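Report on the structure given below.
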Amino acid sequence: MSSTEELTEQHRSVLSDGTEVRSLFDLERRRLSARIFSDPEIYDMEMSLVFGRSWLFVGFESEIPEPGDYVVRPMGGDSVIVTRDRSGSISIL
């Protein structure tokens, strides 16, 4: 079973209209259904599986070299603030 199949098996393998998620992927031909780029239900699934479960890169330390420096970055459907505090530690809010 491929990693795509494992993810869909662990979560919703059927969309609300009865479409099987795996039917939207043709791994042998390396083709994807256009639906995966525009379907809100698939978008919500991706937000949950990708952005809700893994570490994400939001910037380099060198972008905030001084205490008080910050950058704002998109992360999933939200924005986060990456900041360097007075002691030099980096925080993400």
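The values are calculated or read from the model by the stated rules, or taken from the named source; none is laboratory data. All figures in this text were calculated on a predicted structure; none of them were measured in a lab. Note: ideal-geometry Cβ built from the backbone for every residue, glycine included; neighbour counts use all protein chains shown. SASA here: full protein model, heavy atoms, side chains in, ligands and nucleic acids out. Shrake-Rupley method; radii C 1.70, N 1.55, O 1.52, S 1.80 Å.
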Carbon plus sulfur, as percent of the 1.4 Å-probe accessible area of the stretch 7-93, comes to 53
Out of these labelled values of volume of the Cα convex hull per residue in Å³, (1) 130; (2) 116; (3) 99, which was calculated from the coordinates shown here?
-> (1)
Filtering chymotrypsin sites (Phe, Trp or Tyr not before Pro) in the stretch 23-78 by DSSP loop and by at most 15 other Cβ atoms within 10 Å leaves Trp55, Phe57, Phe60
Between Ser33 and Ser79, the two model label points (7 Å from Cα along the beta-carbon direction) sit apart by a distance in nm of 3.5
For every helix of n ≥ 4 consecutive DSSP H residues, a contribution of -39,500 (n - 2.57) applies; sum these over the chain, divide by its total residues, and give [θ] at 222 nm rounded to the nearest 500 deg cm²/dmol.
-> -4000 deg cm²/dmol
What dipole magnitude, in Debye to the nearest 20, does the chain give about its Cα centre under +1 on Lys/Arg Cβ and -1 on Asp/Glu Cβ?
-> 120
Extension gain from Ser87 to Asp17, taking 0.36 nm per residue of separation minus the Cα-Cα distance = 19.9 nm
